[in-house]
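Peer 1: The structure follows.
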Amino acid sequence: MTKGMILAAGQGTRVRPLTKDLPKPMVPILGKPVMEYLIEHMARHGVRQIMVNVAYLHRKIEHYFGDGSRWGVEIGYSYEGVLDHGDIVPSPRGSAGGIRHIQDFSGFFDETTLVVCGDALVDLDIGAAVREHKAKGAVASVVSLNVPRDQVQHYGVVVADKNGRVQSFQEKPTPEQALSTLASTGIYLFESSVIDLIPSGRNFDIGSQLFPMLVDKQLPFYVQSRFFNWIDIGRLSDYWSVLQRVLRGEVAHMNMPGREVRPGVWVGLNTRVDWDRVEIEGPVYIGSSVQIEPGARILGPTWIGHGCHIRAGARVTCCALFDYTRIGEGMHFTDMIVSPEYCVNSKGETMYRGDDNCLLRWSDARG
């Protein structure tokens, strides 16, 4: 039996404005929060007890996932905050510090624990990773992926000997400086003895503090190099890339919802589309209660969230429309994430409601 830990206390500042009103694990992909895919995957592999550390906008995570029974798991939460002038305010303890806080509180981590970040999509064979971890007698394992050398500056790089025993880490080295191309994926396996090494009551980080400690103590700490899909949503441009890949059907375990009414075009319930008077080329998903007026043109890959309204003559090309977004008559949008409050292009440039250069025509949720 393996227990799970999802790290979900961060603010996600690098993907603003998506996280302006949402914690990062709640950012939607195909209409579902990123963290939901993680929980589904963990459940498929027999991880039934999952702790989640939360801080920023924590109630949105807790209210959505509840006790986890919808996914056949048990979910518990550990809020990280402090009392400030009578108010409880978020105060994350660091990735390792949050785990130690849970251990000090209840002793939850009494067996091998899978630790994952709440802002990535993965299809790791968890069972195989646990078996390798135990076969090596590891107290800690970090799962890695080989990345092209010209991409190493975006990652923490793991340096290991020929047996996979970790020797050191490099944080975002240049291609010339990199001693390895094994990128840490933020997926770890820990025995409880490792958690006992984390100082109590302190902010403490896994990558920059706990891992160097394990190396210094010469403990059995190994890297696993595996082939699997790992899609990190660290930046706005990453989120854009993920949306496009998902809509093209390139990510395992992420099937289009709704029903396919024509090749590459899926719809939810209660849609209002005059199919003879609109042009729609897939892959396109049209959510429930969406209205698309005659003369509109939709070119995929495009995701249209529920409750959206696309007026006559509008053109939407390679876009993601968040729920209840209205596209005005004759407006054209290409390569954009669009919400009722802002729009973001594929480079991460943001325009907010009311900006002179933002072409959106805003409406309330009723359209």
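The values are calculated or read from the model by the stated rules, or taken from the named source; none is laboratory data. Values in this document were obtained by computation on a predicted structure and should not be read as measured data. We place every Cβ from the backbone using ideal geometry, glycine too, and count neighbours over all the protein chains shown.
Peer 1: Among residues belonging to the stretch 320-342 that are of a type in the set (D, E, K, R), assigned to a loop (DSSP other than H, G, I, E, B) and within 29 Å of the chain's Cα centre (by Cα), point out the one that is farthest from residue 245 (Cα to Cα).
Peer 2: 341
Peer 1: Can you tell me how many residues in the stretch 304-318 are in contact with a Pro (Cβ under 9 Å, 6 or more places away or on another chain) and either closer than 17 Å to residue 349 by Cα or touching a residue at least 24 places away in the same chain (Cβ under 8 Å) (or both)?
Peer 2: Final tally of qualifying residues: 2.
Peer 1: Turning to a different aspect of this structure: When residue 247 is evaluated against the numbered criteria (1) within 30 Å of residue 135 (Cα to Cα); (2) under 18 Å from the mean Cα position of the chain (by Cα); (3) modelled with pLDDT of 80 or more, which criterion, by number, is the only one it fails?
Peer 2: (1)
Peer 1: A further question on this structure: Can you name the residue in the stretch 296-317 that is closer than 14 Å to residue 272 by Cβ and more than 30 Å from the chain's Cα centre (by Cα) and is also surrounded by the most Cβ atoms within 10 Å (Cβ to Cβ) among such residues?
Peer 2: By that ranking, first place goes to 296.
Peer 1: A further question follows. Using the structure shown, decide if residue 25 is farther than 30 Å from residue 135 by Cβ and in a loop (DSSP other than H, G, I, E, B).
Peer 2: The answer is no for residue 25.
Peer 1: Among the aromatic types (Phe, Trp, Tyr), touching a residue at least 24 places away in the same chain (Cβ under 8 Å), under 17 Å from residue 301 (Cα atoms) and not in a loop (DSSP other than H, G, I, E, B): which single residue out of 239, 188 fits that description?
Peer 2: 239
Peer 1: Of the residues in the stretch 55-75, how many are in contact with a Gly (Cβ under 9 Å, 6 or more places away or on another chain) and either surrounded by 15 or more Cβ atoms within 10 Å (Cβ to Cβ) or not in a strand (DSSP E or B) (or both)?
Peer 2: Summing the residues that are in contact with a Gly (Cβ under 9 Å, 6 or more places away or on another chain) and either surrounded by 15 or more Cβ atoms within 10 Å (Cβ to Cβ) or not in a strand (DSSP E or B) (or both) in the stretch 55-75 gives 8.
Peer 1: I'm checking my understanding of the structure. Among residues of the stretch 111-163 that are part of a loop (DSSP other than H, G, I, E, B) and hydrophobic (A, V, I, L, M, F, W, C), which one is nearest to residue 229 (Cα to Cα)?
Peer 2: Per the criteria, the residue is 124.
Peer 1: Do you know which residues across the stretch 76-106 are exposed (fewer than 15 other Cβ atoms within 10 Å of the Cβ), touching a Ser or Thr at 6+ places or on another chain (Cβ under 8 Å) and charged (D, E, K, R)?
Peer 2: 104
Peer 1: Need pairs with beta-carbon distance below 6 Å; first residue more than 17 Å from residue 53 (Cα to Cα) and modelled with pLDDT of 90 or more and within the stretch 201-215, second in a helix (DSSP H, G or I) and not aliphatic (A, V, I, L, M); sequence gap 6+ or separate chains.
Peer 2: none
Peer 1: Looking at (1) at pLDDT 90 or above; (2) crowded, with 20+ Cβ neighbours inside 10 Å; (3) more than 17 Å from residue 273 (Cα to Cα), which is the only condition residue 337 fails?
Peer 2: (1)
Peer 1: Which is within 17 Å of residue 191 (Cα to Cα), in contact with a helix residue (DSSP H, G or I) (Cβ under 9 Å, 6 or more places away or on another chain) and in a helix (DSSP H, G or I), of 96, 43?
Peer 2: The match here is 96.
Peer 1: Which one is surrounded by the fewest Cβ atoms within 10 Å (Cβ to Cβ) among residues in the stretch 135-176 that are among the β-branched types (Val, Ile, Thr) and under 26 Å from residue 194 (Cα atoms)?
Peer 2: Per the stated criteria, the residue is 159.
Peer 1: Got a sec? Which of 109, 65 is aromatic (Phe, Trp, Tyr), within 26 Å of residue 218 (Cα to Cα) and either at pLDDT below 95 or within 24 Å of the chain's Cα centre (by Cα) (or both)?
Peer 2: Of the residues listed, the single one that is aromatic (Phe, Trp, Tyr), within 26 Å of residue 218 (Cα to Cα) and either at pLDDT below 95 or within 24 Å of the chain's Cα centre (by Cα) (or both) is 109.
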